[in-house]
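For reference, the structure discussed in these notes is given below.
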Amino acid sequence: MDERIKDTIVKYGWKILQSEEFDATFHQTHHLNRTVGDHTLGVAAEAVKLCMKRAMTDERTLKNVVVSSLCHDLGIMGRNEKYRNNAQCLVRHPLDSIEIYIRITGEQDERVIDAIKHHMFPLKPGAPRHREGWILTLADKIAASKEKTGRAMLSAGDTGEIMERAGVMHEGKTGMHSF
Ligand SMILES: [Fe+2]
Ligand SMILES: [Fe+2]
C-alpha cells in the first residue's frame, strides 16, 4: 500500500485507533470473514486513495474523510444484542456511530456527522450533503463488495503497520480471526 495512505490514516486517525472502542472492532466479524476493524481500516485506505486520485488533498478534507471512515461503523458493535433485526441495524448504527465519534474525538464537525449519518445511502434513504460523505459512501461500497467475496481490503501486514504507527500493540490481531 502507498505509504502516503498509511501516513494520512495515522496522522488524522491516531486518537480513534488508540481508543477502546476501536480495539473492540477486531473482535466482531463483518462481511463474511472479516472483522469490523479490518473493514474500517480498509474503508479508510480506499477513501484516502479516492481523495488522492481526485486531488482532494487539503487538510480539512483528508481529516474529515479519515475520521468519518474510521468511525462510520463503530456503532455496529454489539449489533446482535442492541438491534432487533437487520432493518433496525441499518437505520440505527450510523446514529450510534456518530455518538461514539463525538465521545472519542470530543469534536462535532458537521461534515463528519453528515458523512457518517448518510453512509448507508442508497440502501437507507438520505444522500450525503458534502463530498466527504460521497467519498465515504463510495469507499464503503467498494470495501463491502470486495469483502463479501472473501477478499481482504488490506494485508495483515498493512493493518499491523498502521496500528503500530498509531502506537497500538496489535500483535496477533491481524488477519482473519474471532469467527
Ligand atoms: Fe455501515
Ligand atoms: Fe461500513
Identify, by number, the condition in (1) within 16 Å of ligand 1 (Cβ to nearest atom); (2) crowded, with 18+ Cβ neighbours inside 10 Å that GLN88 doesn't meet. (2)
For segment 129-156, give me each residue that is among the β-branched types (Val, Ile, Thr) and in contact with an Asp or Glu (Cβ under 7 Å, 6 or more places away or on another chain). ILE142
Segment 9-33 residues that are over 27 Å from CYS51 (Cα atoms), paired with ones that are among the basic types (Lys, Arg) and buried (at least 16 other Cβ atoms within 10 Å of the Cβ) (beta carbon under 8 Å, 6 or more apart): GLN28/ARG79
Apart from one, (1) surrounded by 15 or more Cβ atoms within 10 Å (Cβ to Cβ); (2) free of Cβ contacts under 8 Å to residues at least 60 places away in the same chain; (3) of a type in the set (Gly, Ala, Ser); (4) out of contact with any Gly (no Cβ under 7 Å at 6 or more places or on another chain) all hold for ALA127; the odd one out is (1)
Which residues, taken from segment 1-16, are aliphatic (A, V, I, L, M) and over 19 Å from ASP96 (Cβ atoms)? MET1, ILE5, ILE9, VAL10
Flagged pairs (Cβ under 7 angstrom, 6 or more apart or on separate chains; first in segment 45-74, within 15 Å of ligand 2 (Cβ to nearest atom); second outside any helix (DSSP H, G or I) and of a type in the set (A, V, I, L, M, F, W, C)) are ALA45/MET1; ALA45/MET153; ALA45/LEU154; GLU46/MET153
Among residues of segment 103-127, those that are closer than 16 Å to VAL66 by Cα and under 15 Å from the mean Cα position of the chain (by Cα), counted: 10
For segment 127-143, name all the residues that are within 16 Å of ligand 2 (Cβ to nearest atom) and either assigned to a loop (DSSP other than H, G, I, E, B) or within 13 Å of LEU95 (Cα to Cα) (or both). PRO128
Just one listed residue, out of LYS146, LYS117, LYS124, is farther than 21 Å from GLU21 by Cβ, within 13 Å of ligand 1 (Cβ to nearest atom) and of a type in the set (Lys, Arg), and it is LYS124
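Where a number appears in this text, it was derived from the coordinates with a stated rule and is not lab data. Just so we're clear, the structure is a prediction, and the values are computed from it rather than from any experiment. Quick reminder, even Gly has a Cβ in these numbers, built from the backbone with ideal geometry, and neighbours come from all protein chains shown.
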